[in-house]
Amino acid sequence: MMRPGFHDPVPEAQGCFRAMLDAMSRPGRVHTLDVALDAPPPLAPATAAVLLTLADAETSLHLMPDGAAAGDWVRFHCGSAPASLPEASFVLSLGIHPPLSALRQGSEEAPEQGATLICQVRSLTEGEGWRLAGPGIRDFHHLRVEGLAADFLQQWAAQRPAFPRGVDIILCAGRQLAALPRTVTIEEG
Amino acid sequence: MSFSVSERQRWMAVLARASLDELRTCLDAASPLPPHRRLRGPETGLIMLRGQAAAVGDRFNLAEITVTRCAVSLEGGTVGHAYLSGRDAARAELAAILDALLQDDATKPAWMAAVIEPLAAIQAENEARQRRKAAATKVQFMTMATTR
Amino acid sequence: MAYVAVKGGEAAIANAHGWMAERRRGDPEVPALSTRQVEEQLGLAVDRVMAEGACHDRGLAALAIKQAQGDLIEAAFLLRAYRTTLPRFGHAAPLDTGAMRVQRRISAVFKDLPGGQLLGPTLDYTHRLLDFALAAEKEAPPEPAAEIPGDAAGRLPRVADFLVREGLMRREADSGQEPPDLTRDPPDFPASRAARLQNLARGDEGFLLSLGYSTQRGYGNNHPFVGEIRQGKVAVRFTPPELGFEIEIGAITVTECEMVNQFQGSKSEPAQFTSGYGLVLGRGERKAMSMALVDRALKAGELGEDRTAPAQDEEFVLMHSDNIEATGFVEHLKLPHYVDFQSELEVIRRMRSTAGTSATGSEA
């Protein structure tokens, strides 16, 4: 049985967009979304809200196999053109995400063409785990993420030399989200 | 559910061409609509219209058109869809409900008779009237020999 | 050029808008115009606003005309601005004008074309005399249009097909290529035919009319004839991804014009006819004809003709056809340029004083 999307699309999508904008400008800060969304399993409400807000008929989306159970819902409500992993502007992953280097990186002339990975994780907590630094962060910010690939930090560091090319990440867990724009550097701590 | 894609295309086209007033007139005389759940919309957006160079050649983008779409589900789980040109949300929602009812064998005959066939008859007559008006402006050439 | 912000004038602006609103309404003793009246009785203005606003919605176009006090460029601007607030669901299948339910279909080249010449609702043979009966307080409704039994609905053959079949004109073919979209991608030169046609379809009618006229007067002349004009309703078809099959979402009126032009031939091509194509929302027949003339003129490069006339200059035509861009750039000159002008003043004063000291100084 198909579940509905946003109840009131304009204010809800705008609210979610605002939260993502804040999350991108203050990397690692955890935001809690205030949406009443009946998300289709296995999508968390935040993941579903981010998809409804960002993906539409004019964007391309690659669904990793772990999200297949919500495929019909995503196709119906977002209407995004399906695309291969290296071509998609958005990639949705619910478990172990694909290697960041396999996603679209953008070019020197058009770094904005780099993909955004929407990654659902087990939990997001502000606290010890990672030490983030970069634009939008005064000194350091701490974030703990559970449910990412074991070598995530190596992958993240590996895309740094190609800057401004690279991938941005929106992390979702339950109703929470946090963002890792490619400008941020991450160390353990 | 026994209907072909072409049958469904026909009733969706008839609903797309009908005005809200025409639709309501048919519905007023029919049994009340069952409850439904909105899955998406009604919401208004755009579709890009296309033409072809010299009508048969390369495609080009002509202009956009406003379109209102709606998807609903009925109690049994049948999902009805509507995409209609224009911005009339009420019309799109009614068309989506009817699309769902017409997919169900139990309800299809009654709704075909109450809504689709009467609307199709009105539309056929409108088109025929346009053809008759156009025919009245058809130029009948006479050769100079007959008028001399 | 740098722009410098200035502050102030909020109250003056608000009052100016208030006065404009009063102007728009006119004498309150006169009944207000309804948008339905605009839609029904100023239909050609509605069509023009939809074509130049590049958005089909009769009700929105009528509202824009009312709000813009009949300034059709301003109305098209309002419509363009509104459309940016809507999401795009996708694109329709190409309009099948072969299956058009024609109200008008004429050819200036073949008298006896199959399907006949249908004049439809036209002004072509009127005397352009003002009809004072329309100014009377109570306008009598016109007699209903005459009706006689017509042909069964069906596809009408195209004039171009006859010439193609005889080998006198090249057949156009659909390469299946996805067309570029001006509303998403900036223009790129040389432009594809698809990019040119989109640009012309939303271009200013007056600009295209003048360019088309210039080709007739010898600036890139190519001896045009109206092969065919057809006007009527075509179904809009769209395939929603969730359904996976094509559905009709409504029917719209369009006008199509195919011009037939002489072509002297070149080293590689024998003498033959070429064509220009126009397709416009609504009943914009003058625009469709102008578009076809300019489309043909812009083929000069492909056909190996000398590009000497303005209508053949792709970049000139495509960069200046859009009246909303044009009005934006022309009208922005009204806005404060105080700082820019100060620097110009200083430059001129300096040049004059330099010229003055180097001259004999007799002017002082």
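Table for the structure above
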item	result
Separation in nanometres of the label points that stand 7 Å from Cα toward Cβ, at C:LEU168 and C:MET319	4.0 nm
Euclidean distance of C-alpha centroids, region B:84-107 and region A:10-60, integer Å	30 Å
Kirkwood Rh in Å, taken over chain B so that all alpha-carbon pairs contribute	17.7 Å
Residue order, fewest to most beta carbons within 10 Å, for C:HIS223, A:HIS62	C:HIS223, A:HIS62
Axial C-alpha extent at least 18 Å, average Kyte-Doolittle at least -1.0 - helices from chain C (DSSP)	C:10-25, C:285-298, C:338-358
Spacing of the two label points (7 Å from each Cα toward its C-beta) at B:SER2 and C:LEU303, in nm	5.9 nm
Rh (Kirkwood; distinct C-alpha pairs) - region C:68-146, Å	18.2 Å
Relative contact order, percent, chain B [alpha-carbon distance under 8 Å, six or more residues apart]	24 percent
Contact order relative to length of region C:10-83, as percent, for alpha carbon pairs under 8 angstrom and 6 or more apart	27 percent
Percent RCO, i.e. relative contact order, over chain A, from Cα pairs under 8 Å lying at least 6 residues apart	25 percent
Potential lengthening between B:ARG132 and B:ARG24 on full extension [0.36 nm per residue; Cα-Cα distance subtracted]	36.1 nm
Inter-chain Cβ neighbour average for residues C:174-184, partner chain, 10 Å	4
Two-site FRET efficiency, C:ARG184 against C:PHE132, from Cβ-Cβ distance with R₀ of 51 Å, rounded to 0.05	0.55
FRET efficiency, C:ALA271 to C:THR239 (Cβ-Cβ, R0 45 Å, nearest 0.05)	0.55
Helix-derived mean residue ellipticity, 222 nm - over chain B, DSSP H n ≥ 4, -39500 (n - 2.57), to 500	-13000 deg cm²/dmol
Estimated D of chain C in µm² per second, where Rh is the Kirkwood radius over Cα pairs and Stokes-Einstein applies at 4 °C, 1.567 mPa s	53 µm²/s
Cβ-based exposure ranking for C:PHE263, C:PHE132, A:PHE163, in which fewest neighbours within 10 Å come first	C:PHE132, A:PHE163, C:PHE263
Proximal charge balance of C:ALA68 [Cβ under 9 Å; K/R count +1, D/E count -1]	0
From the C-alpha gyration tensor of the protein assembly as shown, square roots of 5λ in Å	48, 39, 28
Helix-derived mean residue ellipticity, 222 nm - over chain A, DSSP H n ≥ 4, -39500 (n - 2.57), to 500	-6500 deg cm²/dmol
Loop trypsin sites (Lys or Arg not before Pro), region C:1-85, which have at most 12 other Cβ atoms in a 10 Å radius of their Cβ (DSSP)	C:LYS7
For region A:176-186, 3J(HN,Hα) per residue [Karplus equation, 6.51 cos²θ - 1.76 cosθ + 1.60, θ = phi - 60°, Hz, x = Gly/Pro]	9, 9, 8, 10, 10, x, 5, 7, 8, 10, 10
Sequence of B:HIS81, C:HIS91, C:HIS127 once ranked by neighbouring C-beta atoms within 10 Å, starting from the fewest	C:HIS127, C:HIS91, B:HIS81
Helix-only CD estimate at 222 nm, as mean residue ellipticity for chain C, using -39500 (n - 2.57) per DSSP H run (n ≥ 4)	-11500 deg cm²/dmol
FRET efficiency estimate (nearest 0.05) - Cβ-Cβ, C:GLN342 to C:GLU10, R0 30 angstrom	0.80
Where only alpha carbons of region A:56-136 are counted, the Rg and the Dmax (Å)	14.5, 39
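We did not get these values from a lab; they are worked out from the coordinates using the rules stated. Because the structure is a prediction, the values reported are computed rather than measured. All Cβ positions, even for glycine, are placed from backbone atoms using ideal geometry, and neighbour counts span all protein chains on display.
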